[in-house]
1. Residues in segment 29-68 that are loosely packed, with under 15 Cβ neighbours inside 10 Å and assigned to a loop (DSSP other than H, G, I, E, B): how many?
2. Quickly run through segment 122-161 and pick out the residues that are modelled with pLDDT under 90 and of a type in the set (Lys, Arg).
3. How many residues does segment 1-28 hold that are farther than 22 Å from Ala62 by Cβ and open to solvent by less than 30 Å² (accessible area, probe 1.4 Å)?
4. Identify the residue in segment 150-173 that is over 14 Å from the mean Cα position of the chain (by Cα) and of a type in the set (Asp, Glu) and, among all such residues, is nearest to Leu31 (Cα to Cα).
5. Regarding Tyr187, is this residue open to solvent by 30 Å² or more (accessible area, probe 1.4 Å), in contact with a Lys or Arg (Cβ under 9 Å, 6 or more places away or on another chain) and over 30 Å from Arg36 (Cα atoms)?
6. Sort through Ser164, Ser143 and tell me the only one that's free of Cβ contacts under 8 Å to residues at least 40 places away in the same chain and surrounded by 19 or more Cβ atoms within 10 Å (Cβ to Cβ).
7. Here are Ala136, Ala156: which of them is open to solvent by 60 Å² or more (accessible area, probe 1.4 Å), closer than 17 Å to Ala76 by Cβ and not charged (D, E, K, R)?
8. In this structure, is Ala29 of a type in the set (Gly, Ala, Ser), under 15 Å from Gly131 (Cβ atoms) and at pLDDT 90 or above?
Amino acid sequence: MIIRPAAEADADAAARVLAGAFGDDPHIAGLLPQERRQDRMEQMFRFEALSNLRTGGHVYLAVDGADAGAEPLGVAYWGAPGQEAGRREQLTEAVAMRRIYGRRYQDVKRTYREAARHRPKAPHWYLKVLGASPQARGRGVGSALIRHGLAQADRAGVGVYLESSKPENVPIYARYGFVEISEIPAYGTSPMIGMWRPAGQQG
């Protein structure tokens, strides 16, 4: 297994993997309308991959070294320190969100605002999403992806932040040096837990 940076051409494959990984996630499922939920989830992850890449973030794929052309085993989206969408990207995001979330758009927008309000002010890498294909679970895919990103953050000397959408994942992230710093309210869905890892924290 190797970790490689994704290009925009990988967005569809990344979205398929994450839609499979998060199919039972209560937070994300609660944000999306029930009709065509899985399709909307795939659209959401595809848009987020493209948006992240176009605004200076990173998307990494875990792939089988023996078959690099196969579907990724796992995916991680990382926001970079200081990354910020410009006015054009913000307008594009608003249009895409209305299309993807439909009648849930206002709740989603309020939830996103709460998440942004709880993010640390210090420069940091932001683990936006991490998921492994159901077929690849148990192979250390998530661990490889997160360690890859943490190593880069440590080299840059900055902390790392994430939001856990499942309470049962909190102890997993704690193994990598993350600690709980906030509960993030959500609208029409379950809350998230903000977690912080200081620069160079061993885990």
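The values are calculated or read from the model by the stated rules, or taken from the named source; none is laboratory data. A quick note: this is a predicted structure, and the numbers were derived from the prediction, not measured. Positions of Cβ are generated from backbone atoms using ideal geometry, with glycine treated the same way; all protein chains shown enter the neighbour counts. Accessible surface areas use protein heavy atoms only, side chains included; no ligands, DNA or RNA. Shrake-Rupley method; radii C 1.70, N 1.55, O 1.52, S 1.80 Å.
1. Of the residues in segment 29-68, 9 are loosely packed, with under 15 Cβ neighbours inside 10 Å and assigned to a loop (DSSP other than H, G, I, E, B).
2. Arg137, Arg139
3. Residues flagged as farther than 22 Å from Ala62 by Cβ and open to solvent by less than 30 Å² (accessible area, probe 1.4 Å) within segment 1-28 amount to 1.
4. Glu168
5. So Tyr187 fails the test.
6. Ser164
7. On inspection, the qualifying residue turns out to be Ala156.
8. In short, no.
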